[in-house]
Number of protein chains: 2
Amino acid sequence: MEIIVATKNQGKLREIRSALKGLQVHLHGLNDFQNVPEVDEDGKSFAENGLKKARFYSQFFGKLTIADDSGLEVDALGGTPGIYSARYAGIRASDQENRKKLLKELEGVPISRRGAGFKCVMAMVSPDGREALTEGSCRGRIGFKEVGKRGFGYDPIFILTRHGKTMAQLSLEEKNRISHRGKALRKLRKIITKFQAIFYDGCVTYER
Amino acid sequence: MEIIVATKNQGKLREIRSALKGLQVHLHGLNDFQNVPEVDEDGKSFAENGLKKARFYSQFFGKLTIADDSGLEVDALGGTPGIYSARYAGIRASDQENRKKLLKELEGVPISRRGAGFKCVMAMVSPDGREALTEGSCRGRIGFKEVGKRGFGYDPIFILTRHGKTMAQLSLEEKNRISHRGKALRKLRKIITKFQAIFYDGCVTYER
């Protein structure tokens, strides 16, 4: 079964591939195609943006499509950058520019008030219009400097309190085990498994 | 959700519509379209022919497709006409010509040796290649003359021993309750219901 993963972010695609490994699915990221239209992420929530992307590309490709929308909510900043996480420092900002801006906003804030959470929504939409949403979240603290080279986005400044490490210090497998995206993907994996199995339930077998 | 029903037989379509009533599906028979290619039913079993049709039209329309292949197996004739039931008296034979030929073949055979069974296979194939088969069968006897105006095919000469009526004397609802096709459709209905529900299993609800 083919599934479109509605993202051009290779970091997200890697995590999704890893979390869905072993399923009989063939995943295509948007970078596998040329001249793919963009979708305006103008929704008011992760769910709205994820659904918007999954709906659009499931119709565009005529295939089952999953889309991730995720972001970082910082307590001391009233939950921002939230849905604006990827464009916090500007519409085409790099991950590094976004992290730099966040560290600047939090200058002088002590570690006890640097709590934050990653949120992830995975939306899945079939060409015939059936829709699923799963979510995952993960608590931690924003550090004072970048640590670790793995992951992407805010990972190098997101400290997992219990592990004493940033998200960027984890291997792909470790990150998926505890991250917001990994949690949402485990729920999605169950739905895909049932979706694949359902046609064979209660069926007769024929010799041909 | 839209489903293609791969048949031009309005009698079959009526029974399928009735058996799937109440599901949130919109059924299209092949007569709803123009210039639809035909599929050669050259398989060696009901399942093979049903799958062949469902596979072809699911790709042709890009939609979930169900196809029925069914027939009558007469004990005294070694299980014929079987998969050739619709063309027993010739490639474009009418239902009446087929019944007439069968009654002629069974001339002189006493009621005790006129046992027969209807068989039905429903095949369902999704555009992404998932496949289901369900089956149903129904025992009876071949009468000596046509009785009843309902149904189609061999119904007027197929006597349901327990009911003392031919299949053509039953209302659509009664026929679906006991017929080969009705039984196969009840199993298919369960699969469609799960197929529709599965995306909502384990999902979170969002306020938008």
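The values are calculated or read from the model by the stated rules, or taken from the named source; none is laboratory data. Note that the structure is predicted; figures quoted are calculated from it, not measured. Glycine gets a Cβ as well: all are built from the backbone with ideal geometry, and neighbour counts include every protein chain shown. In case anyone asks, the SASA skips ligands and DNA or RNA and just uses the protein heavy atoms, side chains included. Shrake-Rupley method; radii C 1.70, N 1.55, O 1.52, S 1.80 Å.
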Selection status of A:PRO156, of a type outside the set (Lys, Arg) and open to solvent by 30 Å² or more (accessible area, probe 1.4 Å): no
Quick check: anything in the stretch A:196-207 of a type in the set (Gly, Ala, Ser), part of a strand (DSSP E or B) and either at positive phi or touching a Gly at 6+ places or on another chain (Cβ under 7 Å) (or both)? no
Residue by residue through the stretch A:61-78, note down the ones that are under 27 Å from A:LEU30 (Cα atoms), at pLDDT 95 or above and buried (at least 22 other Cβ atoms within 10 Å of the Cβ). A:THR65, A:ILE66, A:ALA67, A:ASP68, A:ASP69, A:SER70, A:GLY71, A:LEU72
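Quick grid of which residues meet (1) among the hydrophobic types (A, V, I, L, M, F, W, C); (2) farther than 17 Å from B:ILE192 by Cβ; (3) open to solvent by 20 Å² or more (accessible area, probe 1.4 Å):
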residue: B:GLU2; (1), (2), (3): no, no, yes
residue: B:ALA19; (1), (2), (3): yes, no, yes
residue: B:HIS26; (1), (2), (3): no, no, yes
residue: B:LEU30; (1), (2), (3): yes, yes, no
residue: B:ALA47; (1), (2), (3): yes, yes, no
residue: B:GLN59; (1), (2), (3): no, yes, yes
Being over 28 Å from A:GLN196 (Cα atoms), of a type outside the set (Lys, Arg) and open to solvent by less than 30 Å² (accessible area, probe 1.4 Å): is that true of B:PRO81 here? yes
Of the residues in the stretch B:160-175, those that are at negative phi and open to solvent by 50 Å² or more (accessible area, probe 1.4 Å) number 8
If a residue must be in a loop (DSSP other than H, G, I, E, B) and open to solvent by less than 50 Å² (accessible area, probe 1.4 Å), how many such residues does the stretch A:99-126 contain? 4
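Just checking, how many residues over the stretch A:174-191 are more than 15 Å from the chain's Cα centre (by Cα), more than 14 Å from chain B (Cβ to nearest Cβ) and touching a residue at least 12 places away in the same chain (Cβ under 8 Å)?
The qualifying residues number 0.
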Has the stretch A:133-145 got at least one residue that is among the hydrophobic types (A, V, I, L, M, F, W, C), touching a Leu at 6+ places or on another chain (Cβ under 8 Å) and within 30 Å of A:MET1 (Cα to Cα)? yes
So A:ILE142 passes all but one of these: (1) exposed (fewer than 15 other Cβ atoms within 10 Å of the Cβ); (2) over 20 Å from A:ASP69 (Cα atoms). Which condition number does it fail? (1)
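Confirm whether B:ARG150 is away from chain A (no Cβ under 11 Å), at pLDDT 95 or above and outside any loop (DSSP other than H, G, I, E, B).
no
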Kindly establish whether B:ILE142 is within 13 Å of another protein chain (Cβ to nearest Cβ) and touching a strand residue (DSSP E or B) at 6+ places or on another chain (Cβ under 6 Å). no
Is there a residue being under 20 Å from B:ASP155 (Cβ atoms), of a type in the set (S, T, N, Q) and within 18 Å of the chain's Cα centre (by Cα) anywhere in the stretch B:71-81? yes
Only one of (1) at pLDDT 95 or above; (2) open to solvent by 20 Å² or more (accessible area, probe 1.4 Å) does not apply to A:ILE91, and that is (1)
Within the stretch A:97-131, restricting to residues that are within 14 Å of another protein chain (Cβ to nearest Cβ) and in contact with an Asp or Glu (Cβ under 8 Å, 6 or more places away or on another chain), the one that is farthest from A:LYS187 (Cα to Cα) is A:ASP128
